[in-house]
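Single-structure report; data block below.
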Amino acid sequence: MNYFRTGLLLAALTGLFLAVGYLIGGQTGMIIALGIALAMNFFAYWNSDKMVLSMYGARQVGRAESPQLYAIVERLSQQAGIPMPKLFIMDNDQPNAFATGRNPQHASVAATTGLLQRLSTEEVTGVLAHELAHVKNRDTLIMTITATIAGAISMLANFAMFFGGGQRDENGNPTGGGFISGLLVAILAPIGAMLVQMAISRSREYEADKGGAEISGQPLWLASALDRLEQSADAIPNPQAERNPATAHLFIVNPLHGGGMRSLFSTHPSMEDRIARLRKLAAARGQSGYQPAQAANVDYAPPSRSRGPWG
């Protein structure tokens, strides 16, 4: 049912994009908008993973650089039945993680140094299992397409404000003109796109929580990690995410720090609801009583110092 809902939301987002193009330039504008959408998604399909990893200064690590972390991801990948993804570490004090890539064969998982420093090994395992569930469900591609179309809608909406909307040609098609109608499109279209993007993101996060719990076999590990991650995200800023707020939906928890921007780009479900669902899943499995460590089981050493097991 969630996949059906995601398909409907993607169709709604695409329809909104074409509608904005139609309001600006009639049938010709709609065709041009479709061409823009196809071109942008083609580019994003092949390059989005490299772009986002570069934004966050992520560095790739292998078994030699980070044997314990690599072993965890390798084992979880086998349990998930997917290829071992590329593994990256971001030098960022905020504990967080995301997955990217166009399919399971070309996937990457990135974790922050804060995640490896502040969470227990079990909690890190729960987070990584969540990210691998995104890979297995091909959410990385869905979210890339969603973000690309939403961004394109905002771009077209700005055109509508400058070129107007509401005038019609001899065939009765809207061709542009009319500052008020153009201004309304410029305001309402991005809001609509954002709402749809948020709905898709939240739907996929619930599925990844469930899938991650199934991959690791320990729903409470992820529940404990989510509780600690949200507290840390509220207290520790993520400068790269603040500069690139449109990437916030990629992370396991909202990386934006405080104030209006965190609320504006709130693409994640309620943390209380996510944790409650995981605890319910654990209870159904007859699991209870996980007590998280107060600090990470394994210290992380930055690249400038001698490397620890995490990399």
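Taken together, the values in this text are just the output of simple stated rules run on the coordinates, not laboratory data. The shown structure was predicted, so the numbers you read here are calculated from the model rather than taken from an experiment. For neighbour counting, all protein chains shown are included, and Cβ atoms are generated from backbone atoms with ideal geometry for every residue, glycine included.
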Beta carbons within 10 angstrom, averaged per residue: use that to sort the peptides 61-70, 103-112, highest first. 103-112, 61-70
In what sequence, highest mean first, do 211-218, 33-40, 235-242 appear when ranked by Cβ atoms within 10 angstrom? 211-218, 235-242, 33-40
Fewest first, what order do Phe17, Phe42 take by the number of other Cβ atoms within 10 Å? Phe42, Phe17
FRET efficiency for Glu242 and Lys280 from the Cβ-Cβ distance with R0 = 35 Å, rounded to 0.05, comes out at 0.55
List Arg202, Arg243 from most exposed to least, where exposure is judged by having the fewest other Cβ atoms within 10 Å. Arg243, Arg202
Could you list Trp46, Trp221 in order of exposure, starting from the residue whose Cβ has the fewest other Cβ atoms within 10 Å? Trp46, Trp221
